[in-house]
Amino acid sequence: MRLAMRNRAFFFFSMIMPLAFLFSYMTLFGRGRAQAVPYLLAMVLALTVMGSFWGLSVQLVTFREQGILRRFRVAPVTASAMLASSLLSNYFLTLPTIAVEFFLCRFVFHMTGLGNLISVFVLVTLGTVSFASLGLIVASVTNTMQETQIINQIIWFIFLFISGATIPFPLLPGAVQAVAVFLPATYLVSGLQRAMIEHTGIASLGMYIASLMGCALIAFLVAAQLFRWDPETKAPRRAKLWAAAAIVPFLLLGAWETLNGDLRAHAMKNLRSMREPYSLERIDH
Amino acid sequence: MLNAATIEVENLAKRYGDVEALRGVSFSVNEGEVFGLLGPNGAGKTSTVEILEGLRTPDSGRVSVCGLDPQTSGVEFKYIIGAALQSTALPDKMRVREALELFGSFYPRRRGTVELMKRFGLEEKRNAFYSQLSGGQKQRLALAMALVNDPRVVFLDEPTAGLDPQVRREIYDIIEELKKEKKTILLTTHYIEEAEKLCDRVAIVDHGKVIAEGTPRELKQRSGAVTRITVRMTKPETNGALNSLEGVTECRTEAEDYLLYSTRVPRTIVALVKHLEEQNNELVSLEISAPSLEDIFLELTGRRLRD
């Protein structure tokens with residue numbers, strides 16, 4: 001109840017970016033072929049979800065630099081309540097965008113099925129929380145907006161290009177693929193693709209869900225631990241260690257995936273889904 | 001804890017890197033009192049208040065507010081204090097009404113948003129974004145927000161800094177009203193007028209130390225009741241001559257003015273006029289003022305407050 005009240009503060013996000021991605025993907029790569037839509041939509045959904053990474057970290061740093069957080073600190077609000085409320089509001093702002101993306105794909109781009117909606121919903125939820133929390137960690141280890149932007153930029157590009165969200169995973173060089181299995185983004189993208197194309201239920205997506213849940217939980221705890229109210233207090237050195245701790249589960253996960261995972265096989269199969277079975281009969285427009 | 005002061009500050013020290021911001025600040029504020037920390041910028045006023053609000057940790061020393069330690073008491077402490085911070089803001093797109101409702105929602109005991117808006121003259125601006133408010137309106141909102149939880153103790157850090165005189169007077173009226181409600185108020189300022197007009201007691205702070213404390217009246221009496229005579233003349237004077245006039249204890253120049261501090265005003269004036277006649281000099285203006293806190297500050301530190 002108090003959280004809901006607090007959320008009012010955070011209602012300033014736009015849908016423009018993800019929708020622009022949606023349209024450009026659909027027109028550039030889809031070329032009007034309905035069977036390509038689920039694959040591309042999964043990418044766009046992943047991008048939308050990963051966008052939380054930017055939004056919240058930049059917002060938190062702005063709030064800190066302007067001294068807005070200090071005002072909250074004088075009131076009886078805890079760091080985790082602040083973070084939880086911003087995550088929650090970010091999540092509720094992401095949902096309509098996701099809904100619009102589905103709607104457009106279904107009715108404008110003639111997508112035939114909707115995939116496994118429950119899986120998609122779970123993945124989107126966990127993904128949004130995970131990436132937003134990762135962003136909050138960046139916000140807390142950096143001292144100025146510039147630093148935040150730079151670090152965000154670097155991490156964002158890694159997520160963007162080697163997770164399969166822009167370049168399909170199977171098309172990446174083997175070495176890059178080997179690195180990509182260590183990223184939470186990769187699990188989000190391929191999880192979404194499986195849900196969209198293979199209609200995989202949550203039970204079979206255990207690994208993906210567990211990894212994102214783990215990411216969400218750890219990233220949130222670390223973010224709460226590192227939270228700073230005041231622009232003047234600098235990030236302590238141990239903050240960087242904490243941030244590093246957030247990576248550990250992915251090392252484990254990546255190692256496991258490298259040894260036993262079926263992620264690559266599924267990624268390949270789903271990429272093919274875009275071409276088959278109608279790849280020969282081009283629909284001209 | 002019987003008769004304990006509402007705010008107690010003992011030997012507070014704080015350094016930021018090489019700068020010693022506080023070097024043993026001590027004072028206490030009684031229930032229902034308006035207490036002013038008066039001093040120039042950088043004297044340590046804000047550091048002190050922010051330690052009391054729990055925003056900063058002192059390096060050493062002890063503070064308590066209503067018997068609670070701001071550092072360790074958590075929510076219980078936050079419930080009883082209200083604060084208008086010096087460097088703070090709200091999100092640009094937050095509306096006045098939303099801000100009051102939002103912050104009100106954090107407390108179990110709260111004042112009505114409508115009542116607060118009415119009282120602080122914000123009703124017309126209830127739906128305005130924070131970014132659209134003027135400086136005075138922002139400050140009024142900050143004061144209203146400091147009162148949303150009907151706190152026992154209110155901290156106002158430079159409530160009128162940077163505001164024009166008329167708006168400043170509006171804020172004074174609001175603080176006067178709070179005084180009537182018997183709230184304990186700790187206020188920092190570098191405006192003499194504000195301290196004299198609003199505060200029951202004042203502590204003058206300079207270089208991280210309290211250099212004088214008392215009611216404005218007490219402080220003035222303690223200064224030895226030296227009256228200030230401000231003189232302007234057509235030709236400049238050598239200081240030495242004015243200094244040796246009868247009754248003058250000290251003479252300073254400030255731009256074109258000469259400030260004579262005198263214990264015997266009538267005699268000093270007679271002597272001054274005689275002196276000017278001898279020098280073939282003429283008076284442009286002459287002003288006699290009873291000692292103010294400004295003079296006391298000058299006397300104690302050798303500097304003016306706004307230097």
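The values are calculated or read from the model by the stated rules, or taken from the named source; none is laboratory data. Everything numeric in this text was worked out from a predicted model, so none of it was measured. Heads up, the Cβs are rebuilt from the backbone with ideal geometry, glycines too, and the neighbour counts pull from every protein chain shown. Side chains are part of the model used for accessible areas, which takes the heavy atoms of the whole protein and leaves out ligands, DNA and RNA. Shrake-Rupley method; radii C 1.70, N 1.55, O 1.52, S 1.80 Å.
A few notes on this one:
- Around the amide H of B:ALA212, modelled in the peptide plane, lie the amide H atoms of B:ILE204, all under 5 Å away and 5 or more residues distant in sequence or on another chain.
- When peptides A:185-191, A:151-157, B:161-167 are sorted by average Cβ neighbour count within 10 Å, with the highest value leading, the order is A:185-191, A:151-157, B:161-167.
- This model, with +1 at the C-beta of Lys and Arg and -1 at the C-beta of Asp and Glu, gives the stretch B:30-159 a dipole about its Cα centre of some 440 debye.
- 21 Å Cα-Cα reach of B:LYS180 towards lysines, excluding residues that sit fewer than 8 places from it in its own chain: B:LYS118, B:LYS197
- Lysines with Cα under 20 Å of A:LYS234, excluding same-chain neighbours fewer than 8 positions away: B:LYS14
- Which of B:LEU245, B:LEU276, B:ALA43, positive extreme of dipole for chain B (C-beta unit charges): B:ALA43
- Partner chain coverage, peptide B:106-114 - average Cβ within 10 angstrom: 1
- Within the shell defined by Cβ-Cβ distances under 14 Å, the residues around B:LEU122 carry a net charge of +3, with Lys and Arg each +1 and Asp and Glu each -1.
- Angle of helix B:135-146 to the longest C-alpha principal axis of chain B, folded into 0 to 90 degrees and rounded to 10: 50°.
- Calculated over the stretch A:183-237, the projected area of the Cα convex hull averaged across directions stands at 5.1 nm².
- Rounded, prolate or oblate (a/c below 1.5 giving rounded, otherwise prolate when a/b exceeds b/c) for the stretch B:117-190 by Cα gyration tensor: oblate
- Carbon/sulfur fraction of accessible area - the stretch A:87-211, other protein chains in place, 1.4 Å, %: 77
- Among the protein heavy atoms, those of A:PHE159 account for about 10 Å² of accessible surface (1.4 Å probe, every chain in place).
- Cα centre as origin, Lys/Arg/Asp/Glu Cβ charges: the stretch B:163-280 dipole, Debye: 400
- Here's the list of aspartates and glutamates a cross-link from B:LYS209 could span, going by alpha-carbon distance under 13 Å and ignoring same-chain residues fewer than 8 apart: B:GLU10, B:GLU20.
- Surrounding net charge for B:GLY44, when Lys and Arg each add one and Asp and Glu each subtract one, Cβ distance under 10 Å: +2
- Taking both sides together, the accessible area buried where B meets A is about 2300 Å² for a 1.4 Å probe.
- Once the convex hull of all Cα atoms in the stretch B:1-155 is built, its volume per residue stands at 131 Å³.
- Cα gyration tensor shape of the stretch B:29-92, rounded if a/c is under 1.5, else prolate or oblate by comparing a/b with b/c: rounded
- For the stretch B:96-235, the equivalent ellipsoid derived from the alpha-carbon gyration tensor has semi-axes of 34, 19, 12 Å in decreasing order.
- Residues losing 10 Å² or more accessible surface upon assembly, the stretch A:64-90, compared with the chain by itself, 1.4 Å: A:GLN66, A:GLY67, A:ILE68, A:ARG70, A:ARG71, A:PHE72, A:ARG73, A:VAL74, A:ALA75, A:PRO76, A:VAL77
- Rg of the Cα atoms in the stretch A:89-178, relative to 2.2 N^0.38 Å, amounts to 1.33.
- With the gyration tensor restricted to C-alpha atoms of chain B, the semi-axes of the equivalent ellipsoid amount to 42, 23, 16 Å, longest first.
- Overall Cα dimensions of the stretch B:169-307 - principal axes, largest extent first, Å: 59, 30, 26
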